[in-house]
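Everything on this sheet refers to the single structure shown next.
Read-outs throughout are calculated quantities, based only on the coordinates presented, and are distinct from any laboratory measurement. What you see is a predicted model; the values in this text were computed from it and never measured. Heads up, the Cβs are rebuilt from the backbone with ideal geometry, glycines too, and the neighbour counts pull from every protein chain shown.
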Amino acid sequence: MSDTGSDVFDDEQNKLGEYDGDRNEAGERHGVGRAVLPNGDIYQGEYENGKRHGQGTYRFKNGARYVGNYHQNMKHGQGTFYYLDGSKYEGSWLEDLREGHGVYTYSNGDTYDGEWLHHLRHGQGVYCYHATGSKYKGAWINGKMEGAGEYIHTNHRYKGNFVNSCPSGPGKYVFDTGCEQHGEYHQVDQDQAEDEWGELPSAPVLKWIPKCITSLTLWTPGKETSGGETETAPAEKSGN
């Protein structure tokens, strides 16, 4: 989800807005002040040499707002963005983009707690599904589950590799009863998975191929294991 509004205005536009606050010797906004921008947005906070710089609150006329640190007119450092749909991001920013560690609470109650890069989930992170209580814990690349990870459910979990947000290849189901089912996830060819209307599914169809059941073992990503009970991993409901 991207910002619902833009708080970037050039110097000429800024001068057209109303401003009440400190200025430097050159007449630039400098120190603490409150500005009503030409489009109706409001910024209240710190300025440096005419630009938003330091702590401040930016309120969009549509109801969204950002509270946090600015650097040279850009969201930079720690800050919280409250989006119009009720979702919220709290964490690190770099030049107006979510980057570093942050927590995103989505409008449906799902949460992501982890690393970000260029506004996308990227690195290690945990995505919690509010409706089911399940969660994904592992690697992300460009907003998608990619690499080693695990789905954690109430009484069991799946550990394996993920490609394009889907389990792929060797993995295992670990049950609280103290056993594991090893196997592999394969993508079913679409011409074998048409629905009753003869249409192809929009998402890939996965098939779990069980191999064996063992007691609890260590699992290393990339090493072949053998496997278990057929289960469809939950699709991600929300997020950017």
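Here the contact order of the stretch 31-151, divided by its residue count and restricted to Cα pairs under 8 Å and six or more residues apart, works out to 11 percent. The slack between S134 and K88, meaning 0.36 nm per residue of separation minus the straight C-alpha distance, is 14.5 nm.
What shape does the stretch 70-124 take by its C-alpha gyration tensor, where a ≥ b ≥ c are the square roots of the eigenvalues and a/c under 1.5 counts as rounded, a/b above b/c as prolate, and the rest as oblate? Note, shape of the stretch 70-124 comes out oblate. For the stretch 107-123, the Karplus equation 6.51 cos²θ - 1.76 cosθ + 1.60, evaluated at θ = phi - 60°, returns couplings of 5, 8, x, 5, 9, 10, 10, x, 8, 10, 8, 6, 6, 10, 5, 7, x Hz by residue, with Gly and Pro reported as x. Charge dipole of the stretch 21-171 (Cα centre as origin; +1 on each Lys and Arg Cβ, -1 on each Asp and Glu Cβ, all else neutral): 340 debye, rounded to the nearest 20. Please state the shape class of the stretch 31-96: rounded when a/c is under 1.5, otherwise prolate if a/b exceeds b/c and oblate if not, all from the C-alpha gyration tensor. Oblate, since a/c reaches 1.5 and b/c is not below a/b. Between N142 and C212, the simple label model (points 7 Å from Cα in the Cβ direction) yields a spacing of 3.8 nm. Note that the stretch 162-167 has calculated 3J(HN,Hα) couplings of 10, 10, 6, 6, 10, x Hz, one per residue in order, obtained from phi through the Karplus relation 6.51 cos²θ - 1.76 cosθ + 1.60 (θ = phi - 60°); glycine and proline are x.
Rounded to whole numbers, the Karplus 3J(HN,Hα) couplings from phi for the stretch 135-152 are 8, 10, 10, x, 8, 10, 9, 6, x, 10, 5, 8, x, 6, x, 8, 8, 10 Hz, using 6.51 cos²θ - 1.76 cosθ + 1.60 with θ = phi - 60°, and x at Gly and Pro. Amide H to amide H, with H built 1.01 Å from N, Q55 comes under 5 Å of E46, Y70, counting only residues 5 or more places away or on other chains.
Placing R0 at 51 angstrom, the Cβ-Cβ distance between D189 and Q55 gives a FRET efficiency of 0.35 after rounding to 0.05. Between V126, Y83, Y151, the Cα set farthest toward the positive side of the dipole of the stretch 57-174 (charges on each charged residue's Cβ, about the Cα centre) is that of Y151. Taking a ≥ b ≥ c as the square roots of the eigenvalues of the Cα gyration tensor of the stretch 137-193, is the shape rounded (a/c under 1.5), prolate (a/b larger than b/c) or oblate? Because a/c hits 1.5 or more and a/b fails to exceed b/c, the stretch 137-193 counts as oblate. The protection proxy used here, the mean number of other Cβ atoms lying within 10 Å of each residue, ranks peptides 209-218, 33-42 as follows, highest first: 33-42, 209-218. Go ahead and run the numbers for FRET between N155 and Y19, Cβ-Cβ distance against an R0 of 41 Å, rounding to 0.05. The value I calculate is 0.10.
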